[in-house]
Structures are given as C-alpha cells and as structure tokens.
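The values are calculated or read from the model by the stated rules, or taken from the named source; none is laboratory data. Since the model is a prediction, treat every value here as computed from it, not as a measurement. Because the Cβ atoms are built from the backbone with ideal geometry, glycine has one as well, and the counts that use them run over all protein chains shown. Keep in mind that these areas ignore ligands, DNA and RNA; they rest on the heavy atoms of the full protein, side chains included. Shrake-Rupley method; radii C 1.70, N 1.55, O 1.52, S 1.80 Å.
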Amino acid sequence: MEEKRMIGEYEVVDSMYIGHKEIAIAKNPYAAENERYICCYVENNAIFERYTDCLASDDFAEIVKIFGERISSAADEIIKENAKLPIVIPKGAEI
C-alpha cells in the first residue's frame, strides 16, 4: 500500500511542479469549519518542506479554482522567461 503524502493533518489530493514551484491541494475532512481544503506552494529541500501562501476553504470548487489559477500564473512566468532566452524552443516541447 502506498503511503499518503501529508501536509500536516491534510492529505495531498494533487500537486504539480511547474517552473520553479510546486503547487499542492490537500484535504482534511476533520479540520475546523472553513478549513477542510487547502491550496499552497511547497518548497522542498533535503531537510524539510515549507508551505507558503496557504489558502483554506470548505468549498472544494473554490480551492480547485485557486489551484488552477496558480498553475496558470506559474505557466505565464515560464512563458515570459522563455521569451527572454536567446534560443528557440519548439512549440509543444516540455521543459
């Protein structure tokens, strides 16, 4: 059985690395009211994980929307960085 990834008392539902960031969404059905789902940025090194800009809500759709907006924003940053590069990156190439 695969071990569940946790952020404190929250089980990670999904996460995505994009560019220099990992964005995670997690759930805890036993959390306080209005805090059952979270979306945050995750920084990880060999010693610890750090979570920043955490937002919490009981509205799963709202948290998924924030998750998507953060992914979109990180993708926009990568597109801007790539535009500054002196090399040509073929469309559709994975970075």
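Numbers below:
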| read-out | value |
| --- | --- |
| Residue in segment 54-93 that is most open to solvent (accessible area, probe 1.4 Å), counting only those that are part of a loop (DSSP other than H, G, I, E, B) and of a type in the set (A, V, I, L, M) | 88 |
| Unique residue being open to solvent by 90 Å² or more (accessible area, probe 1.4 Å) and either of a type in the set (Ser, Thr, Tyr) or within 11 Å of residue 67 (Cα to Cα) (or both) when the list is 17, 51, 41, 10 | 17 |
| Residues of segment 57-95 that turn out to be aliphatic (A, V, I, L, M), within 30 Å of residue 35 (Cβ to Cβ) and in contact (Cβ under 8 Å) with a residue 24 or more places away in the chain, as a count | 6 |
| Flag if residue 22 is within 22 Å of residue 94 (Cα to Cα), under 14 Å from the mean Cα position of the chain (by Cα), open to solvent by 30 Å² or more (accessible area, probe 1.4 Å) and modelled with pLDDT of 95 or more | no |
| Sole residue being in contact (Cβ under 8 Å) with a residue 40 or more places away in the chain and either in contact with a Cys (Cβ under 6 Å, 6 or more places away or on another chain) or assigned to a strand (DSSP E or B) (or both), chosen from 51, 41 | 51 |
| Pairs with Cβ under 7 Å, 6+ apart, first in segment 25-37 and more than 13 Å from residue 8 (Cα to Cα) and touching a residue at least 24 places away in the same chain (Cβ under 8 Å), second open to solvent by 60 Å² or more (accessible area, probe 1.4 Å) and part of a loop (DSSP other than H, G, I, E, B) | none |
